[in-house]
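Remarks on the structure that follows.
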Amino acid sequence: MSFGLTIEPLKRTVFRVEVPENQELLFISDVHYDAMKCDRDLLTKHLTEAKKRGAAVFIFGDWFDLMQGKWDPRGTYSDLRPEYKSITYLDDVINDSVEYFNQFKGTIRFLGRGNHETNIEKRMHTSPLDRVAALHNAEGGNITVGGYAGWLQVRMVRDSAKKVRHTSYVHFHHGYGGNAPRSKGVLAVDLDQMQFPDADIIVRGHTHQKWYVPTTVDRITSAGNLYQQRVHHLRTGSYKLLGDRFAGWATEKGFNTPTLGGWWLRMARNRKNDTLRWEINEAN
(Lines give C-alpha, C1' and ligand atoms only; values in the text may rest on other atoms or scores of the structure.)
Protein backbone atom coordinates (compact mmCIF):
# COMPACT_ATOMS: atom_id res chain seq x y z
CA MET A 1 0.00 0.00 0.00
CA SER A 2 1.29 3.48 -0.90
CA PHE A 3 1.57 4.60 2.74
CA GLY A 4 1.83 8.34 3.20
CA LEU A 5 0.86 9.35 -0.33
CA THR A 6 -2.02 11.82 -0.54
CA ILE A 7 -3.76 13.46 -3.50
CA GLU A 8 -5.57 16.77 -3.10
CA PRO A 9 -7.37 18.56 -5.96
CA LEU A 10 -6.26 22.22 -6.03
CA LYS A 11 -8.07 23.15 -9.24
CA ARG A 12 -10.10 21.14 -11.72
CA THR A 13 -6.90 20.24 -13.60
CA VAL A 14 -4.29 20.59 -10.82
CA PHE A 15 -3.65 17.95 -8.15
CA ARG A 16 -1.23 18.16 -5.24
CA VAL A 17 0.45 14.82 -4.63
CA GLU A 18 2.42 14.54 -1.40
CA VAL A 19 4.86 11.64 -1.21
CA PRO A 20 7.53 10.46 1.20
CA GLU A 21 11.10 10.26 -0.02
CA ASN A 22 11.78 7.30 -2.33
CA GLN A 23 8.07 6.76 -3.01
CA GLU A 24 7.58 4.76 -6.21
CA LEU A 25 4.94 5.52 -8.81
CA LEU A 26 3.70 3.48 -11.77
CA PHE A 27 2.48 5.48 -14.78
CA ILE A 28 0.33 3.55 -17.27
CA SER A 29 -2.44 4.26 -19.78
CA ASP A 30 -4.49 2.66 -22.54
CA VAL A 31 -5.32 -0.47 -20.60
CA HIS A 32 -8.60 -1.15 -22.48
CA TYR A 33 -9.52 -3.53 -19.68
CA ASP A 34 -12.76 -4.82 -21.18
CA ALA A 35 -11.29 -5.46 -24.64
CA MET A 36 -10.93 -9.03 -25.81
CA LYS A 37 -7.28 -8.33 -26.64
CA CYS A 38 -6.36 -6.73 -23.29
CA ASP A 39 -3.31 -8.50 -21.83
CA ARG A 40 -4.81 -8.92 -18.38
CA ASP A 41 -2.01 -11.23 -17.26
CA LEU A 42 0.58 -8.50 -17.82
CA LEU A 43 -1.68 -5.88 -16.22
CA THR A 44 -2.21 -8.00 -13.12
CA LYS A 45 1.51 -8.72 -12.94
CA HIS A 46 2.34 -5.00 -12.91
CA LEU A 47 -0.38 -4.03 -10.44
CA THR A 48 0.56 -6.89 -8.13
CA GLU A 49 4.19 -5.79 -8.27
CA ALA A 50 3.12 -2.20 -7.52
CA LYS A 51 1.16 -3.42 -4.50
CA LYS A 52 4.16 -5.37 -3.18
CA ARG A 53 6.50 -2.42 -3.71
CA GLY A 54 4.13 0.08 -2.12
CA ALA A 55 3.94 2.01 -5.40
CA ALA A 56 1.02 4.27 -6.32
CA VAL A 57 -0.53 3.65 -9.74
CA PHE A 58 -1.58 6.53 -11.98
CA ILE A 59 -3.65 5.61 -15.07
CA PHE A 60 -3.74 8.39 -17.67
CA GLY A 61 -6.77 7.52 -19.74
CA ASP A 62 -8.43 4.65 -21.58
CA TRP A 63 -8.83 2.27 -18.68
CA PHE A 64 -11.95 1.30 -20.62
CA ASP A 65 -12.38 0.17 -24.20
CA LEU A 66 -16.21 0.22 -24.39
CA MET A 67 -16.34 0.09 -28.19
CA GLN A 68 -18.83 -2.73 -28.59
CA GLY A 69 -22.07 -0.85 -28.04
CA LYS A 70 -24.43 -0.47 -30.99
CA TRP A 71 -23.72 3.27 -31.03
CA ASP A 72 -19.99 2.92 -31.80
CA PRO A 73 -18.82 2.60 -35.44
CA ARG A 74 -15.52 1.08 -34.25
CA GLY A 75 -17.25 -1.88 -32.65
CA THR A 76 -17.05 -5.52 -33.70
CA TYR A 77 -19.44 -7.94 -32.00
CA SER A 78 -16.94 -10.79 -32.25
CA ASP A 79 -14.53 -8.72 -30.11
CA LEU A 80 -17.01 -8.57 -27.21
CA ARG A 81 -16.02 -10.67 -24.21
CA PRO A 82 -18.65 -13.34 -23.49
CA GLU A 83 -19.31 -12.07 -19.97
CA TYR A 84 -20.36 -8.68 -21.36
CA LYS A 85 -22.90 -9.94 -23.91
CA SER A 86 -25.95 -8.62 -22.12
CA ILE A 87 -28.45 -5.79 -22.28
CA THR A 88 -26.55 -4.10 -19.39
CA TYR A 89 -23.20 -4.12 -21.22
CA LEU A 90 -21.99 -0.79 -19.81
CA ASP A 91 -22.99 -1.62 -16.24
CA ASP A 92 -21.41 -5.07 -16.49
CA VAL A 93 -18.05 -3.60 -17.54
CA ILE A 94 -18.16 -1.01 -14.75
CA ASN A 95 -19.01 -3.61 -12.08
CA ASP A 96 -16.30 -5.94 -13.35
CA SER A 97 -13.76 -3.10 -13.17
CA VAL A 98 -14.77 -2.37 -9.57
CA GLU A 99 -14.32 -6.02 -8.64
CA TYR A 100 -10.87 -5.99 -10.26
CA PHE A 101 -9.87 -2.71 -8.59
CA ASN A 102 -10.85 -4.07 -5.19
CA GLN A 103 -7.80 -6.36 -5.35
CA PHE A 104 -5.61 -3.26 -5.35
CA LYS A 105 -7.14 -0.95 -2.74
CA GLY A 106 -4.72 1.82 -1.85
CA THR A 107 -2.53 1.02 -4.86
CA ILE A 108 -4.55 2.41 -7.79
CA ARG A 109 -4.75 6.10 -6.85
CA PHE A 110 -5.50 8.16 -9.96
CA LEU A 111 -7.69 7.72 -13.04
CA GLY A 112 -7.48 10.21 -15.89
CA ARG A 113 -9.88 10.42 -18.80
CA GLY A 114 -9.02 9.15 -22.26
CA ASN A 115 -10.87 9.36 -25.56
CA HIS A 116 -12.69 6.10 -24.84
CA GLU A 117 -14.11 7.55 -21.60
CA THR A 118 -15.04 10.93 -23.09
CA ASN A 119 -16.71 9.11 -26.00
CA ILE A 120 -19.06 7.40 -23.52
CA GLU A 121 -19.69 10.68 -21.71
CA LYS A 122 -20.70 12.36 -24.98
CA ARG A 123 -22.86 9.52 -26.28
CA MET A 124 -24.33 8.01 -23.12
CA HIS A 125 -24.35 11.01 -20.70
CA THR A 126 -22.60 9.15 -17.91
CA SER A 127 -19.03 9.04 -16.62
CA PRO A 128 -17.82 5.44 -16.29
CA LEU A 129 -14.66 6.53 -14.46
CA ASP A 130 -16.54 8.47 -11.81
CA ARG A 131 -18.92 5.57 -11.35
CA VAL A 132 -16.07 3.09 -10.91
CA ALA A 133 -14.25 5.37 -8.47
CA ALA A 134 -17.39 6.00 -6.39
CA LEU A 135 -18.17 2.28 -6.09
CA HIS A 136 -14.55 1.35 -5.37
CA ASN A 137 -14.06 4.12 -2.81
CA ALA A 138 -17.29 3.08 -1.05
CA GLU A 139 -15.61 -0.29 -0.46
CA GLY A 140 -12.43 1.17 1.01
CA GLY A 141 -10.54 2.36 -2.06
CA ASN A 142 -8.94 5.76 -2.50
CA ILE A 143 -9.07 6.79 -6.16
CA THR A 144 -9.04 10.36 -7.48
CA VAL A 145 -10.53 10.98 -10.92
CA GLY A 146 -8.99 13.60 -13.20
CA GLY A 147 -9.55 15.01 -16.65
CA TYR A 148 -8.08 14.39 -20.07
CA ALA A 149 -5.13 16.66 -19.21
CA GLY A 150 -3.75 18.39 -16.16
CA TRP A 151 -0.93 18.84 -13.68
CA LEU A 152 0.43 16.88 -10.73
CA GLN A 153 2.27 19.02 -8.20
CA VAL A 154 4.41 16.31 -6.61
CA ARG A 155 5.86 17.34 -3.25
CA MET A 156 8.41 15.24 -1.39
CA VAL A 157 7.63 15.67 2.30
CA ARG A 158 9.26 14.56 5.49
CA ASP A 159 7.30 11.96 7.41
CA SER A 160 7.25 14.15 10.49
CA ALA A 161 5.32 17.44 10.26
CA LYS A 162 5.08 17.00 6.46
CA LYS A 163 7.70 19.65 5.77
CA VAL A 164 8.15 20.02 2.01
CA ARG A 165 11.65 19.10 0.87
CA HIS A 166 11.26 19.30 -2.92
CA THR A 167 8.49 20.03 -5.43
CA SER A 168 8.29 18.66 -8.97
CA TYR A 169 5.68 19.17 -11.69
CA VAL A 170 4.18 16.52 -13.96
CA HIS A 171 2.04 17.54 -16.94
CA PHE A 172 -0.21 14.75 -18.21
CA HIS A 173 -2.34 14.58 -21.33
CA HIS A 174 -3.95 11.42 -22.60
CA GLY A 175 -2.81 12.23 -26.14
CA TYR A 176 -4.07 13.36 -29.50
CA GLY A 177 -3.49 12.94 -33.22
CA GLY A 178 -2.86 9.83 -35.26
CA ASN A 179 -0.70 6.78 -34.77
CA ALA A 180 2.44 8.52 -36.18
CA PRO A 181 3.71 5.36 -37.94
CA ARG A 182 7.17 6.76 -38.64
CA SER A 183 8.01 9.10 -35.76
CA LYS A 184 6.02 7.22 -33.04
CA GLY A 185 5.07 10.68 -31.74
CA VAL A 186 8.61 11.66 -30.73
CA LEU A 187 8.34 14.85 -32.82
CA ALA A 188 5.89 16.15 -30.20
CA VAL A 189 8.69 16.36 -27.61
CA ASP A 190 9.88 19.80 -28.76
CA LEU A 191 6.32 21.13 -28.99
CA ASP A 192 5.45 19.89 -25.50
CA GLN A 193 8.70 21.31 -24.14
CA MET A 194 7.75 24.71 -25.57
CA GLN A 195 4.15 24.62 -24.35
CA PHE A 196 4.83 23.36 -20.83
CA PRO A 197 8.18 24.87 -19.78
CA ASP A 198 7.49 24.40 -16.05
CA ALA A 199 7.09 20.62 -16.29
CA ASP A 200 9.77 18.27 -14.99
CA ILE A 201 7.93 15.27 -16.46
CA ILE A 202 5.63 15.33 -19.50
CA VAL A 203 3.58 12.15 -19.88
CA ARG A 204 1.41 11.19 -22.85
CA GLY A 205 -0.55 8.13 -23.98
CA HIS A 206 -3.10 7.33 -26.69
CA THR A 207 -0.83 6.07 -29.50
CA HIS A 208 -0.01 2.74 -27.79
CA GLN A 209 3.68 3.41 -28.37
CA LYS A 210 6.14 3.52 -25.48
CA TRP A 211 9.31 5.56 -25.28
CA TYR A 212 11.33 7.78 -22.99
CA VAL A 213 13.17 10.89 -24.20
CA PRO A 214 15.12 12.90 -21.60
CA THR A 215 15.99 16.49 -22.53
CA THR A 216 18.07 19.16 -20.81
CA VAL A 217 17.08 22.83 -20.60
CA ASP A 218 18.95 25.90 -19.37
CA ARG A 219 17.44 27.83 -16.47
CA ILE A 220 18.27 30.96 -14.50
CA THR A 221 17.45 31.85 -10.90
CA SER A 222 16.23 35.21 -9.60
CA ALA A 223 19.80 35.78 -8.35
CA GLY A 224 21.16 35.34 -11.87
CA ASN A 225 22.64 31.90 -11.32
CA LEU A 226 22.56 29.56 -14.30
CA TYR A 227 21.76 25.88 -14.04
CA GLN A 228 20.61 22.98 -16.20
CA GLN A 229 17.49 20.94 -15.61
CA ARG A 230 16.52 17.51 -16.89
CA VAL A 231 13.00 17.11 -18.32
CA HIS A 232 11.58 13.61 -18.80
CA HIS A 233 9.22 12.95 -21.72
CA LEU A 234 7.27 9.68 -21.38
CA ARG A 235 4.89 7.77 -23.65
CA THR A 236 3.10 5.18 -21.60
CA GLY A 237 2.39 2.35 -24.03
CA SER A 238 -0.69 0.13 -23.76
CA TYR A 239 -2.02 -3.21 -22.53
CA LYS A 240 -4.07 -3.97 -25.65
CA LEU A 241 -2.63 -6.45 -28.12
CA LEU A 242 -3.17 -5.92 -31.83
CA GLY A 243 -3.86 -9.55 -32.68
CA ASP A 244 -3.40 -11.22 -36.05
CA ARG A 245 -4.55 -8.19 -38.12
CA PHE A 246 -7.36 -10.20 -39.73
CA ALA A 247 -9.79 -7.28 -39.47
CA GLY A 248 -11.00 -4.57 -37.13
CA TRP A 249 -10.53 -0.86 -36.46
CA ALA A 250 -6.78 -0.96 -35.77
CA THR A 251 -6.14 -3.11 -38.84
CA GLU A 252 -8.19 -0.89 -41.13
CA LYS A 253 -6.40 2.22 -39.85
CA GLY A 254 -2.95 0.63 -40.20
CA PHE A 255 -1.96 1.15 -36.58
CA ASN A 256 1.53 0.19 -35.42
CA THR A 257 2.05 -2.86 -33.27
CA PRO A 258 1.64 -1.56 -29.69
CA THR A 259 4.38 -1.58 -27.08
CA LEU A 260 3.00 -2.91 -23.81
CA GLY A 261 3.51 -1.70 -20.25
CA GLY A 262 4.36 1.60 -18.60
CA TRP A 263 7.01 3.28 -16.44
CA TRP A 264 8.22 3.01 -12.86
CA LEU A 265 9.22 6.34 -11.31
CA ARG A 266 10.92 7.10 -8.02
CA MET A 267 11.28 10.57 -6.52
CA ALA A 268 14.66 10.49 -4.80
CA ARG A 269 17.01 13.01 -3.20
CA ASN A 270 20.69 13.51 -3.86
CA ARG A 271 21.91 13.76 -0.28
CA LYS A 272 25.24 15.37 -1.21
CA ASN A 273 23.71 18.58 -2.54
CA ASP A 274 20.06 18.13 -1.48
CA THR A 275 18.73 18.17 -5.04
CA LEU A 276 15.85 16.20 -6.50
CA ARG A 277 16.21 13.47 -9.08
CA TRP A 278 13.69 11.26 -10.83
CA GLU A 279 14.64 7.64 -11.42
CA ILE A 280 12.71 6.13 -14.33
CA ASN A 281 12.62 2.48 -15.39
CA GLU A 282 10.51 0.49 -17.83
CA ALA A 283 7.66 -1.72 -16.68
CA ASN A 284 7.43 -4.50 -19.24
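The values are calculated or read from the model by the stated rules, or taken from the named source; none is laboratory data. These numbers were taken from a predicted model, which means no experiment stands behind them. In this analysis, Cβ positions are derived from the backbone assuming ideal geometry, glycine residues included, and neighbour counts consider all displayed protein chains.
Here are the numbers for this structure:
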read-out: Boolean, residue 206 is at negative phi, surrounded by 13 or more Cβ atoms within 10 Å (Cβ to Cβ) and touching a residue at least 24 places away in the same chain (Cβ under 8 Å); value: no
read-out: Enumerated strands (runs of 3 or more DSSP E) restricted to region 112-210, each holding at least 3 residues that are more than 19 Å from the chain's Cα centre (by Cα); value: 164-173
read-out: All positions within region 254-284 that are among the aliphatic types (A, V, I, L, M) and buried (at least 19 other Cβ atoms within 10 Å of the Cβ); value: 260, 265, 267, 283
read-out: Qualifying positions in region 181-191 - touching a residue at least 60 places away in the same chain (Cβ under 8 Å) and surrounded by 14 or more Cβ atoms within 10 Å (Cβ to Cβ); value: 184
read-out: Candidate set: region 1-30, residues that are hydroxyl-bearing (Ser, Thr, Tyr) and crowded, with 17+ Cβ neighbours inside 10 Å; chosen: the one nearest to residue 158 (Cα to Cα); value: 2
read-out: Per-region count, region 34-73, residues surrounded by 20 or more Cβ atoms within 10 Å (Cβ to Cβ) and among the acidic types (Asp, Glu); value: 3
read-out: Residue match in region 179-194 (condition: hydroxyl-bearing (Ser, Thr, Tyr) and either at pLDDT 95 or above or within 22 Å of residue 50 (Cα to Cα) (or both)); value: no
read-out: Condition check for residue 111: among the hydrophobic types (A, V, I, L, M, F, W, C), surrounded by fewer than 19 Cβ atoms within 10 Å (Cβ to Cβ), at pLDDT 95 or above and in contact with a helix residue (DSSP H, G or I) (Cβ under 9 Å, 6 or more places away or on another chain); value: no
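Let's see how each residue does on (1) at pLDDT 95 or above; (2) surrounded by fewer than 20 Cβ atoms within 10 Å (Cβ to Cβ); (3) among the hydrophobic types (A, V, I, L, M, F, W, C); (4) under 22 Å from the mean Cα position of the chain (by Cα):
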| site | (1), (2), (3), (4) |
| --- | --- |
| 32 | yes, no, no, yes |
| 79 | no, yes, no, no |
| 99 | yes, yes, no, yes |
| 105 | yes, yes, no, yes |
